[in-house]
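Structure record follows, encoded as structure tokens.
The values are calculated or read from the model by the stated rules, or taken from the named source; none is laboratory data. Given the structure is predicted, the values throughout are model-derived calculations rather than measurements. A quick note on method: Cβ atoms are made from the backbone with ideal geometry, for glycine too, and the neighbour counts reach across all protein chains shown.
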Amino acid sequence: MSAPVLVVESLRVEVEGTGVDIVDEISFTIGVGEVLGLVGESGSGKSTVGLALLGHTRRGARIAGGAVRVEGRDILSLRPAELRSLRGGTVSYVPQDPASALNPALRIRTQLEETLAAHGHGANKEERLSQMLDEVLLPDDDLFLRRYPHQLSGGQQQRIGLAMAFACRPRVIVLDEPTTGLDVTTQAHVLATVRELCSAHGVAALYVSHDLAVVAALANRVAVMYAGRIVEIGPERVLFHESAHPYARRLVEAIPEMSGRHALMGIAGTAPRPGSRPEGCFFAPRCSFAAEECTHAFPPVERVADGHEVRCFRRAEVLAAGARGRPPAPDRAQPDHANVLVDVRGVNASHGERQVLFDINLAVEPRECVALVGESGSGKTTLARCIAGLHRDFTGEIALRGRPLAAGARARDRETRRELQYVFQSPYSSLNPRKTIGQIIGQPVRLFFDLDHGAAHDRAVATLERVRLGASVLNRYPHELSGGERQRVAIARALAAEPTVLVCDEVTSALDVSVQAAIIDLIAELQREMQLGLLFVTHNLALIRTIANKVAVMSSGKIVEYGDVDAVLDAPQEAYTKALLADTPSMESAVAAAGA
Amino acid sequence: MTAAAPAVASVPGSRRRRPLVILLRRSWRLGRTKLGVALVLLLAGVTLIGPLFAPHQPSAFAGAPYAHPSSTTLLGTDNLGRDVLSRFLWGGRSILGLSLAATVLGLVLGVSIGLVAAYSRSLLDDVLMRVMDVILAFPSIVLALVAVATVGPKLWLLVLVVGLTTVPRVARVTRGAALEIVNRDYVQAAEAMGESRLRILRGEILPNVTSPLLVEASLRLTYAIGLIAGLSFLGFGLQPPAADWGLMINENRQGLTVQPWGVVMPVIAIALLTIGTSLISDGISRAAAGIDRGGDSE
């Protein structure tokens, strides 16, 4: 390989003032036309590294040491004016959320022209503009250029972001989770565009993501970050097949697979935050391979093979252990076909003037899990909200045990409200930040059961134990808990009502993959224990095989396919389901493709 | 993963603290907040403990009118020959008490109206806010003058009128902050469980708008002090011979060139008090917005 375009050496970013490191000892290189995937869970510092490649940090942080060399030039020693011309020119950046990265008040043409003008490519403007749009497969007619960002779809907005990033023929491009907010179909197209542009223009790309399946599909090499350090770096195939670091291994195993039914395996515990990282290897407290030496010093970088480096004392043991076989998932609970719990018949719903659900028919039986799958805007959340009494604007009938339900929770009686519980998508917005966990769990207990103070407290503690949190969290506030713990609290709030039906709306989409596995596991176990009927709304097809009995695939407000999970996933009948399955990036397909 | 209960990852070193306490702590770290609190404490100290140290009764005669400072009258005498220092020490109580009472009244009414308006999002919202607009349309001093001219200079009326003129502004701020909260998932969760509307307003929404309300409270107090001082200057507050800063300025303004202390002291006091409250308000709002936070990782 020729000389690398980008060289990062012992980069350190720390919290201003306190000197606590956010990331440290970051070293890697990226060659011409190469894509390096930087993966890690939230808080691992992957975005901090991405921004540092542009000589930038978030507010309150500063680059404290190391070097970032682009074609031999250290960008950390540049003056502000030089840095400014470098950004967007030599090194460019594609942010996570295209909707907030584009100025809503300016037309697309103005924004694209700004990028060209800022880097002295003002000549042949029209020609360059149409070239930029061609590259990202967008129309280059005047009508399109006159639009405002809000008139574009999410995928189109992100393509504009890509067009801007590639406009000045950068040498290095940093992509910070550019497809996180996009549907799988759109994501597949955007990823293809990224791949083509990088290889066509010989750009060194750093692709920051938490989604290993996406990285597996795109990257040549992968670096895994944990708690501010790169713990393993190597070719993509090696990382996903023969990783020598326990964390990387567990991370790969935590990803749900599309084929076959496997238990999801999460990683217990949470990653330490900056300032509270343990002595020795940061992963040691959660590591099943940890030995005495792991608690003394952080392991040095060791070469396993050409281009494969790892930081683990126990790498030989990890390699020898080989891949853990995935245990099969425990049997699904057998639904009780005799009586239907929730029956949805001919439901049409609208948001104001716009109809979003068309003639929906669906049934949930006791001990059954029905998955509701679809892309954003397919109406799956609206249907879940109609059932839970949060969306009142619908016609048709929703019945609980044969009794028709009123629209809106307030119009229903106490017993109905108790039996039907809803868990929201994001635990960051579903828990009142000004209430303690005890007050949050106490709310359903107070509303649905007439208990005295002591009994109510005991019930709250018992519920928390059910979701594997202890009484120790009772007096805490949500901001003191991690994302996974918050979602456990949200689930506990629903369980405290002792429901018979649980509606879960994308409950893991805001969580890291290692936490997701634990939450899914918990929900499945609770469903078996409490004999719940479960309506599981998700966009992640790979999850449903583990947990669901039946699946309803939704598109544009209609159920396009409805049947047993295995039947639908293995032999989809409808064109839409087939396309959805094909576009979903999965570890198996990526690994198979790389191994071939 | 079934048996192993994940240990509750405690944030090491974190004390269990209410979000509101964190905000107050954060604002306390700003120099402006400390200065503001110091000023308010100083003035509050003067008005509360001051009378104990007053050398004369506030309405007792201590010398000739407009006498210069002497050993018995440290700041000289006023237009009727009463001790300026004693009257100054006695005269803050009314302003501080009345403006506090008016602010509390305005806050209670304004917060209630704002919360109800934001949560109802219906015709009631429009009706309430248009009524607020009507009150807002009258300059507050004019409204106060009309009321006092009709009923007469009563202290409760002063509190009522000044309190009422702060209601629309508080209601607007509350409604604005609450509109963002009413659609949050935790409010919907409470609704789905059938929590009563009053409890949702009090338990789910109100605690989440306290940061802007704290800012607004100290800002409204600043305005109330100014308004009450102005009204007593015009003679609509405490009636002579009572000691009151606003009244003192009015009584002694003719002797300003001869014996300035009777005017200067209350002016300085009122100025420092309002500067103090607005510095506190500014400090809280900066802390809430995260400005000046620097490298603090809390």
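Listing for the model above:
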read-out: B:GLY110 vs. criteria over 24 Å from B:LEU273 (Cα atoms), of a type outside the set (A, V, I, L, M, F, W, C), touching a residue at least 40 places away in the same chain (Cβ under 8 Å) and surrounded by 21 or more Cβ atoms within 10 Å (Cβ to Cβ); value: no
read-out: Candidates A:ALA338, A:ALA305, A:ALA321, A:ALA333 - the one that is exposed (fewer than 14 other Cβ atoms within 10 Å of the Cβ), over 18 Å from A:VAL23 (Cα atoms) and either within 30 Å of the chain's Cα centre (by Cα) or at pLDDT 90 or above (or both); value: A:ALA321
read-out: Test: B:ARG199 is out of contact with any Cys (no Cβ under 9 Å at 6 or more places or on another chain), in a helix (DSSP H, G or I), within 14 Å of chain A (Cβ to nearest Cβ) and among the basic types (Lys, Arg); value: yes
read-out: Complete set of residues in region B:68-79 that are surrounded by 16 or more Cβ atoms within 10 Å (Cβ to Cβ) and either modelled with pLDDT of 90 or more or among the hydrophobic types (A, V, I, L, M, F, W, C) (or both); value: B:LEU75
read-out: Residues of region A:268-288 satisfying the condition of being under 24 Å from the mean Cα position of the chain (by Cα) and in contact (Cβ under 8 Å) with a residue 60 or more places away in the chain; value: A:ALA268, A:THR270, A:ALA271, A:ARG273, A:PRO274
read-out: Residues satisfying the stated conditions in region B:179-214, i.e. over 21 Å from the mean Cα position of the chain (by Cα) and of a type in the set (A, V, I, L, M); value: B:LEU179, B:ILE181, B:VAL182, B:VAL187, B:ALA189, B:ALA190, B:ALA192, B:MET193, B:LEU198, B:ILE200, B:LEU201, B:ILE205
read-out: Unique match (being small (Gly, Ala, Ser), under 20 Å from the mean Cα position of the chain (by Cα), surrounded by 24 or more Cβ atoms within 10 Å (Cβ to Cβ) and at pLDDT 85 or above) among A:ALA490, A:ALA496; value: A:ALA490
read-out: Hey, A:ARG169 in contact (Cβ under 8 Å) with a residue 12 or more places away in the chain, under 20 Å from A:LEU53 (Cβ atoms), part of a loop (DSSP other than H, G, I, E, B) and not β-branched (Val, Ile, Thr) or not; value: yes
read-out: Subset tally (residues that are under 22 Å from A:SER47 (Cα atoms) and outside any helix (DSSP H, G or I)) for region A:187-209; value: 7
read-out: In region A:413-433, residue nearest to the other protein chains (Cβ to nearest Cβ) [restricted to those that are basic (Lys, Arg) and crowded, with 20+ Cβ neighbours inside 10 Å]; value: A:ARG417
read-out: Lone qualifier among A:SER482, A:SER509 - being within 12 Å of chain B (Cβ to nearest Cβ) and of a type in the set (Ser, Thr, Tyr); value: A:SER482
read-out: Any hit, region A:374-381, residues being surrounded by 19 or more Cβ atoms within 10 Å (Cβ to Cβ), within 14 Å of another protein chain (Cβ to nearest Cβ) and not hydrophobic (A, V, I, L, M, F, W, C); value: yes
read-out: Residues satisfying the stated conditions in region A:344-361, i.e. assigned to a strand (DSSP E or B) and surrounded by fewer than 20 Cβ atoms within 10 Å (Cβ to Cβ); value: A:ARG345, A:GLY346, A:ASN348, A:SER350, A:HIS351, A:ARG354, A:GLN355, A:PHE358, A:ASP359, A:ASN361
read-out: Sole exception among (1) surrounded by 15 or more Cβ atoms within 10 Å (Cβ to Cβ); (2) in a loop (DSSP other than H, G, I, E, B) for A:ASN103, by number; value: (1)
read-out: Pick from region A:251-283, criterion among the acidic types (Asp, Glu) and within 14 Å of chain B (Cβ to nearest Cβ), ranking: nearest to A:ILE520 (Cα to Cα); value: A:GLU253
read-out: Matching option when the condition is more than 9 Å from chain B (Cβ to nearest Cβ) and touching a Gly at 6+ places or on another chain (Cβ under 9 Å), among A:ALA492, A:ALA517, A:ALA460; value: A:ALA460
read-out: Sole exception among (1) within 9 Å of chain A (Cβ to nearest Cβ); (2) assigned to a helix (DSSP H, G or I) for B:THR166, by number; value: (1)
read-out: Whichever residue in region A:463-476 is surrounded by fewer than 18 Cβ atoms within 10 Å (Cβ to Cβ) and of a type outside the set (S, T, N, Q) and, among such residues, is nearest to the other protein chains (Cβ to nearest Cβ); value: A:GLY470
read-out: Subset of region A:448-457 [more than 14 Å from chain B (Cβ to nearest Cβ) and either closer than 16 Å to B:TYR186 by Cα or part of a helix (DSSP H, G or I) (or both)]; value: A:HIS453, A:GLY454, A:ALA455, A:ALA456, A:HIS457
read-out: Any chance A:GLY374 is touching a helix residue (DSSP H, G or I) at 6+ places or on another chain (Cβ under 6 Å) and in contact (Cβ under 8 Å) with a residue 60 or more places away in the chain; value: yes
read-out: Considering residues of region B:243-288 that are without any contact (Cβ under 8 Å) to a residue 60 or more places away in the chain and touching a Leu at 6+ places or on another chain (Cβ under 8 Å) only, the residue farthest from B:GLY45 (Cα to Cα); value: B:ASN250
read-out: Candidate set from region B:80-138 (those that are at pLDDT 90 or above and of a type in the set (Phe, Trp, Tyr)); member that is farthest from B:PRO55 (Cα to Cα); value: B:TYR119
read-out: Residue match in region A:233-243 (condition: closer than 22 Å to A:SER482 by Cβ and either more than 14 Å from chain B (Cβ to nearest Cβ) or surrounded by fewer than 24 Cβ atoms within 10 Å (Cβ to Cβ) (or both)); value: no
read-out: Residue among A:HIS201, A:HIS189, A:HIS210 that alone is under 19 Å from A:SER92 (Cβ atoms) and surrounded by fewer than 23 Cβ atoms within 10 Å (Cβ to Cβ); value: A:HIS201
read-out: Residue identified as under 13 Å from A:ILE230 (Cβ atoms), touching a residue at least 40 places away in the same chain (Cβ under 8 Å), away from chain B (no Cβ under 14 Å) and not basic (Lys, Arg) among A:LEU11, A:LEU54, A:LEU6; value: A:LEU11
read-out: Looking only at region A:382-410, and only at residues there that are assigned to a helix (DSSP H, G or I) and over 18 Å from A:PRO499 (Cα atoms), the one that is farthest from the other protein chains (Cβ to nearest Cβ); value: A:LEU383
read-out: Residue identified as surrounded by 20 or more Cβ atoms within 10 Å (Cβ to Cβ), at pLDDT below 85 and within 29 Å of A:GLY346 (Cβ to Cβ) among A:LEU541, A:LEU511; value: A:LEU541
read-out: A:ALA542 among the small types (Gly, Ala, Ser), over 20 Å from A:PHE358 (Cβ atoms) and under 23 Å from the mean Cα position of the chain (by Cα); value: yes
